[in-house]
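The values are calculated or read from the model by the stated rules, or taken from the named source; none is laboratory data. Quantities reported herein were computed from a predicted structural model and do not represent experimental measurements. Reconstructed Cβ throughout: ideal geometry from the backbone, glycine too, with neighbour counts over all protein chains shown. The accessibility values were calculated without ligands, DNA or RNA, using every heavy atom of the protein model including side chains. Shrake-Rupley method; radii C 1.70, N 1.55, O 1.52, S 1.80 Å.
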Amino acid sequence: MCGITGYLNLNNSHLGSQQNFLPAMCKSIEHRGPDETGMKIIGPAALGMTRLSIIDLETGQQPIANEDGSIWIIFNGEIYNFQALQEKVRKAGHKLATKSDTETIIHLYEDYGIDCLQFLEGMFALAIWDSHKERLLLARDRLGEKPLHWSIFEEQFIFSSEIKAILTHPAARKNLNENALRQYLALDYVPAPYSLFKDINKLLPAHYLIVEKGEVKISNYWQPQTNPINIGENQAIEQAESLLNQSIKLRLIADVPLGVFLSGGIDSSLITALAAQNVNRRLQTFSIGFADQSFDESIHAQTVAKHIGTEHQCFQFPPDLALSTMTQLWDVLDEPIADASIIPTYFLSKMTKEKVTVALAGEGGDELFGGYPTYLAHKYVHLWQNLPRPLKQNVLEPIINSLPVSLNNISFDYKIKRFIAAADEPPISRHLKWMGGLPIGTHHELLTSDLMSRQTSPLTCEEELFGSNGYKRALMPEFTAGQDILETIMRLDLSTYLADDLLVKSDRASMAASLEVRLPFLAFPLVEFALSLPSSLKIKALTTKHLLRKLASKHLPENIIKRPKKGFGIPVSKWLQSEFKPVVDELLNETFISRQEIFNWSYVQTLLVEHNTGIADRRKELWNLLMFQRWWQKYFAA
């Protein structure tokens, strides 16, 4: 586990001694790898990394070269099938100087070129400098578990795991990307390949980038093999268990202590049960608890831990730590992310790091196997759509909108009000409104007319919102009629919400605590299998995640199998009125907003009044704005 960074003279002129910016760039991402730092300048290329030692603690230092020193690599992540690949390159005649997975990649590159990526099963971001071809290769794993950013400033190609290292380079410039701002406001995150900084980009998952002869070329190297398969339920359960078990076995390989994040939900509980069968010691598990019972799941985690027999620790998260924890995260985050669960994720990561260096987690299970309640809303939305319009407009909608506002976790009034707000829209549009923050249709009221007039893209449809202009996402569904809407929505979530929200949250929160998180559900053979299954095996009647529940019933108590999904939330609605009120007053006030010249104060004021008086629950909108404001203050307020 590491952070990587570097730069390249696009004219291939050699870097002089006064052009060594690596120490400061590596220092900025030291939290990603506090164990050691490695730096190397090879002609026009500079490569740097910070290392969190997981595999080959004694000889795995980077950058690593091939036998004759003509090709160099820096690498962030884990290649889980590295032992089989080591045997492969040895048989091809290569001599390995280390036991690390990183060295294996460079020899695969020697033999197969860019096709070496096809052999890698794991999470990774890497950079290879090939002196023979005067070529820089960047690549990112299939699902986007590890981040990679790049930019060009003053004939310098600059890249890094995190944007802060790019901004440390003296050629870099900070400018707001106004189109990406609108994407963030609508989605609660900035989707790749964009960032909130103009001219700084994210490499998409399952893509590689080549810099050669001063030109940058980006290509997709993986499209999942997802031809529909005709399979019975029992056979599907057996195959899913086999693939998940195989994934977990590979992800248990480490030379440091390892545990599991256990929330008590289906995904993490199933991972815990299978992991416990594959270790010869008592497995360590970790969870978090809240005083607010509508958010607390710790009792379910304890039930699972007792059933399996793990060494379990539950860390209580008191509300008075909320602001200080988020303040620590603001120092690490380079972009706002309006997923408030990053706060407990970071707290849990910090506490877990005191016991282990690696933790398994359950991200990906919901998108692959149909776990979100939103999918049920899509399945049955036709019942609402088929009601007579007068009945909806004159009777049902007024009754629903008059329901008292509750600030509890995903309360009934919050869900039903959000449902009817977009239920009559086309499938993709309604999904984005159900999941997102401030819909595109509100931006003409929220944003100043001056900012709106400078937009270079209208952002009026889903393709533009996610950036389809020449970029092909490996998992993005085609926006065509007649498809299975549930499969379309699940693939949409897998390629956007998972990749650009959940995995970003997981990476930044865990890396800020110098903890490696591994995700067994994202093994690409399991992903391809899940995507080939019909939605009827995943969602039956009112039961989400049907197939995984059937699988989990072999290993877990019945009350865990049958409990509805709760989600990893925090009491944002209440915190906006209490713990976070000082920051709200500082960053969402008329003076600050007027000085920014980005938002219209009257619209923001309405959101604040409605939330504070109980007229409406504006947690999503206000938290989204607050996260952006703190980011803007950090980078642009002079």
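Listed by chain and number, the lysines whose C-alpha is less than 18 Å from the C-alpha of residue 164, apart from same-chain residues fewer than 8 away, are 27, 146, 174, 198, 202, 505, 634. Farthest towards the positive end of the charge dipole of the chain, among the residues 262, 356, 116, is the Cα of 262, using unit charges on the Cβ of Lys, Arg, Asp and Glu.
Can you give the charge dipole size of the chain about its Cα centre, rounded to the nearest 20 debye, using +1 on the beta carbon of Lys and Arg and -1 on the beta carbon of Asp and Glu?
On the way: 63 positive and 72 negative charges, 219 e Å.
It works out to roughly 1060 debye.
Here the 3J(HN,Hα) profile of region 146-157, calculated from phi with Karplus coefficients 6.51, -1.76 and 1.60 at θ = phi - 60°, is 10, x, 7, 10, 8, 7, 10, 9, 6, 6, 10, 8 Hz, Gly and Pro shown as x. Other residues with beta-carbon under 13 Å from the beta-carbon of residue 375 carry, at +1 per Lys or Arg and -1 per Asp or Glu, a net charge of +2.
Counting only protein heavy atoms and a probe of 1.4 Å, the accessible surface of region 153-198 is 44% carbon and sulfur. Separation of region 232-264 and region 153-231 by C-alpha centroid, Å? The distance from the Cα centre of region 232-264 to that of region 153-231 comes to 31 Å. Along the positive direction of the dipole of the chain (beta-carbon charges: Lys, Arg +1; Asp, Glu -1; about the Cα centre), which of 230, 18, 498 reaches farthest? So the residue we want is 230. Taking only protein heavy atoms and a 1.4 Å probe, the accessible area of region 300-423 is 58% carbon and sulfur.
Could you tell me which trypsin sites (Lys or Arg not before Pro) in region 63-115 are loop residues by DSSP with no more than 14 other beta carbons within 10 angstrom of their beta carbon? Those satisfying the criteria are 95.
Model label sites at residue 601 and residue 355, defined 7 Å from Cα along the beta-carbon direction, differ in position by 5.0 nm.
The accessible surface of region 1-131, taken with every protein chain in place and a 1.4 Å probe, is 47 percent carbon and sulfur.
Gyration tensor analysis over the Cα atoms of region 76-150 returns equivalent ellipsoid semi-axes of 19, 16, 10 Å (largest first, whole Å). Amide H to amide H, with H built 1.01 Å from N, residue 616 comes under 5 Å of 611, counting only residues 5 or more places away or on other chains.
For the chain, the Kirkwood estimate of hydrodynamic radius, built from reciprocal distances between every pair of different alpha carbons, is 25.5 Å.
Accessible area per residue for the chain is 38 Å², calculated with a 1.4 Å probe on protein heavy atoms, without ligands, DNA or RNA. Projecting the Cα atoms of 411, 441, 400 onto the dipole axis of region 398-447, where Lys and Arg carry +1 and Asp and Glu carry -1 at the beta carbon, places 411 farthest toward the positive end.
The three principal axes of the Cα atoms in region 66-220 give end-to-end lengths of 52, 31, 24 Å, sorted in falling order.
Counted by Cβ distance under 9 Å from residue 493, the other residues give a net charge of -1, where Lys and Arg count +1 and Asp and Glu count -1. The Cα center of region 98-124 and the Cα center of region 290-314 differ in position by 40 Å. Sorting the segments 13-22, 262-271, 497-506 by their residues' average number of neighbouring beta-carbon atoms within 10 angstrom, most packed first, yields 262-271, 497-506, 13-22. Contact order, relative form, for the chain: 16 percent (alpha carbon pairs under 8 Å, 6 or more residues apart, mean separation divided by residue count). Using alpha carbons only, the radius of gyration of region 547-611 set against its Kirkwood radius gives Rg/Rh = 1.36.
The magnitude of the dipole of region 170-326, with charges of +1 and -1 set on the Cβ of Lys/Arg and Asp/Glu and taken from the Cα centre, is near 580 debye.
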